[in-house]
């Protein structure tokens with residue numbers, strides 16, 4: 001698993017599969033939605049939800065998306 005972080009604050013930005021040379025080469029790229037600028041959020045659509053079993057009660061489910069309750073190593 002490869003992770004990329006913000007040069008300014010060190011926060012996580014995205015993740016993609018191990019062994020990929022660039023983020024564009026992977027089958028799946030996991031972008032941390034909160035890292036997107038407001039204008040960019042309207043240009044992307046979520047494809048799935050992960051760690052759903054840890055969802056806070058105030059966070060609604062996004063119906064119709066792939067959902068994974070947890071990821072087992």
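The values are calculated or read from the model by the stated rules, or taken from the named source; none is laboratory data. This one's a predicted model, so the numbers in the text were calculated from it and none came from an experiment. FYI the Cβ positions are ideal-geometry reconstructions off the backbone, even for glycines, and counts take in every protein chain you see.
For the reader, a short list of remarks on this structure follows.
- Some residue of region 64-72 being more than 22 Å from residue 1 (Cβ to Cβ), free of Cβ contacts under 8 Å to residues at least 12 places away in the same chain and outside any strand (DSSP E or B): yes
- Residues that are over 12 Å from the mean Cα position of the chain (by Cα) and at pLDDT below 85, drawn from region 21-40: 21, 22, 23, 24, 25, 26, 27
- Scanning region 47-61 for residues that are in a loop (DSSP other than H, G, I, E, B) and either modelled with pLDDT of 90 or more or over 14 Å from the mean Cα position of the chain (by Cα) (or both) yields 55, 56, 57, 58, 59, 60, 61.
- Pairs with Cβ under 6 Å, 6+ apart, first in region 1-15 and within 11 Å of residue 30 (Cβ to Cβ), second modelled with pLDDT of 90 or more and in a loop (DSSP other than H, G, I, E, B): 13/6
- All conditions in (1) farther than 19 Å from residue 3 by Cβ; (2) out of contact with any helix residue (DSSP H, G or I) (no Cβ under 7 Å at 6 or more places or on another chain); (3) not in a loop (DSSP other than H, G, I, E, B) hold for residue 30, with the sole exception of (1).
- Some residue of region 59-72 being surrounded by 11 or more Cβ atoms within 10 Å (Cβ to Cβ), closer than 15 Å to residue 15 by Cα and in contact with a strand residue (DSSP E or B) (Cβ under 6 Å, 6 or more places away or on another chain): no
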